[in-house]
Amino acid sequence: MSLAVQTFSSVRDASDALESEGIRYLGGGTLVVRAVNEGDVSITGYVRSTAPTLQTIDIAEGRATVGASVTMAAILAHVGLAGLHPVAKAVGGPAVRNMATVGGNLFAPAPYGDFTVGLLALDATVHSSDGDAPIEDFLAARNDRRKPDLVTAVSLDVPSAGVLRFLKVSRVKPRGVSVVTIAAALALDDAGKVSSARIALGCMADRPMRAHVAEQALIGRQLVKEEIREAVAVIGEGTNPVTDPVASAWYRSEVLPVHFSRLLLG
Amino acid sequence: MARVPVQFTLNGQDRAEFVESGVTLLHALRHTMGDTSPKAGCQQGTCGACTVIVDGELRLSCLTLAETCEGASIETAAGLANEGLLHPLQRAIVDGFAAQCGFCTPGMIMAAKTLLDHTPNPTRDDVVEAISGNICRCTGYEPIIQAVLTAAQSNSQKAG
């Protein structure tokens, strides 16, 4: 199957070209070309942009702005983003990491989109041709837009190494498709009690989601077995996990509390 | 469908061809340029059989559009042997019985070559990580891992 490819040097021109029916933005190709290869006839052409800003990582005053075309490999090569390295490394094998982009990962359906799980826990902001949005709002509306936005970047407070607790559970080692992915950004007070929590889950819905009830249940608790019991019990609240060849929804629901507990205590 | 010109270097040789717009690099290599070493496996980015090196980086040719490789330097397994002599990775794969059906082998070798190009003395974990995007359904991986380590050793002995 052959499709026309339109390449623009400006983001605005590329964004305008996306208004045509059936035209999809081509980032690394790991989602869109994959869909075409699989026989998705709704895609009638590709649009791409070579704008340098899409491929730039900028860190200023503790805030990182990562262009949408930045690859997982580029994240791993950037020492200033060491806090994101465990998340980027969870995406695919070396070839996929050379291709898969930050912007594309925002649109990856379950069981993919592990990097977005990390971004959701870290309260990133998504910048697009139509403005900025908190990542949670962006994800909630990502498939509902009448006119597709062209995501240009994500920004977030630079996480120090180890701030983000991240776990991707897969059956194939060392790299496999996710059974469940959990990211937790926790702040502890001087007494070792949780003062703030943002917990994100992958594969527990059709897209990454927050675990709001479990977050509330962790506030004021120390990360010891007796004190996390309530949060572990409610980690599945509001989830609607996917069933796919990797795992059933039932299985994902059963193992989520086990792995969440290990992530908190590990 | 419109045809578009693409020019790149394939295994050190300049190539200029017309390909259908939107065609993958895998399709262009196999059906236009006659290089059948990258294999069409899953075409979903999962199996790694189509793996090639583009400008020194490992890429999945089934998910890469030929038009996006304009001006690039592309390496495939077909270009590794030199004047009839197998590349050390190919030699180690053959000697170590690390290919059974052989379908994954060209992609596996390119993944391993990228590793050795950047890390001449890899650990076993380095090798496992390097080939983690390449699926083999025959060997159980162990002979492949050993072959890559053997090739690395062979390279370092030559360098020494």
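Here are the numbers for this structure:
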item	result
Mean-position separation - Cα centroids, the range B:59-74 and the range A:84-105, in angstrom	18
Computed [θ] at 222 nm, deg cm²/dmol, the protein assembly as shown (DSSP H ≥ 4; -39,500 (n - 2.57); rounded to nearest 500)	-8000 deg cm²/dmol
Residue order, fewest to most beta carbons within 10 Å, for A:265, B:25, B:63	A:265, B:63, B:25
Per-residue mean of C-beta atoms belonging to partner chains within 10 Å, peptide A:43-49	2
Beta bridges per DSSP with both ends in the protein assembly as shown, % antiparallel, nearest 5	85
Out-of-range pairs (alpha-carbon distance over 23 Å; input A:168/A:225; A:89/A:193; A:173/A:193; B:39/B:158; A:89/B:113)	A:89/A:193; A:173/A:193; B:39/B:158
Cut-off under 5 Å, modelled amide H: who pairs with residue A:107 long-range	none
Residues A:210, A:229, sorted so that the one with the fewest Cβ neighbours within 10 Å comes first	A:229, A:210
Listed residues A:121, A:65, A:54: farthest to the positive end of the dipole of the range A:52-157 (Cβ charges)	A:54
Stretchable slack from residue A:123 to residue A:144, in nm (0.36 nm times residue separation minus alpha-carbon distance)	5.4 nm
Relative contact order [Cα under 8 Å, 6+ residues apart], the range A:61-131, whole percent	31
Approximate spin-label separation residue A:160-residue B:142, in nm, with each point projected 7 Å along Cα-to-Cβ	4.5
Two-site FRET efficiency, residue A:244 against residue A:42, from Cβ-Cβ distance with R₀ of 25 Å, rounded to 0.05	0.75
Sparse-neighbour loop sites [chymotrypsin sites (Phe, Trp or Tyr not before Pro); the range B:1-100; at most 15 other C-beta within 10 Å; DSSP]	B:97
Using alpha-carbon coordinates, inclination of helix A:249-265 to the longest axis of chain A, degrees	60
Rounded, prolate or oblate (a/c below 1.5 giving rounded, otherwise prolate when a/b exceeds b/c) for the range B:1-146 by Cα gyration tensor	prolate
Global geometry of the protein assembly as shown, whether rounded, prolate or oblate, following the gyration tensor of its Cα atoms and the 1.5 cut on a/c	oblate
For residue A:62, net neighbour charge (Lys/Arg +1, Asp/Glu -1) across residues whose Cβ lies under 14 Å away	-3
Relative contact order [Cα under 8 Å, 6+ residues apart], chain B, whole percent	23
Cβ-derived FRET efficiency at R0 51 Å, residue A:222 paired with residue B:31, nearest 0.05	0.25
Pair residue A:205, residue A:230: separation of 7 Å Cα→Cβ label points (nm)	2.3
For chain A, built as a Gaussian network whose Cα springs stay under 10 Å, the top-fluctuating residue of A:118, A:80, A:238	A:238
Distance between modelled label sites at residue A:254 and residue A:132, nm, 7 Å Cα→Cβ extension	4.5
For chain A: relative contact order, % (alpha-carbon pairs under 8 angstrom, 6 or more apart)	15
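Laboratory data are not the source of any read-out in this text; all were calculated from the coordinates shown. Just so it is clear, the structure is predicted and the values come from calculations on it, not from any experiment. Here Cβ is always computed from backbone atoms with ideal geometry, including for glycine, and neighbour counts include all displayed protein chains.
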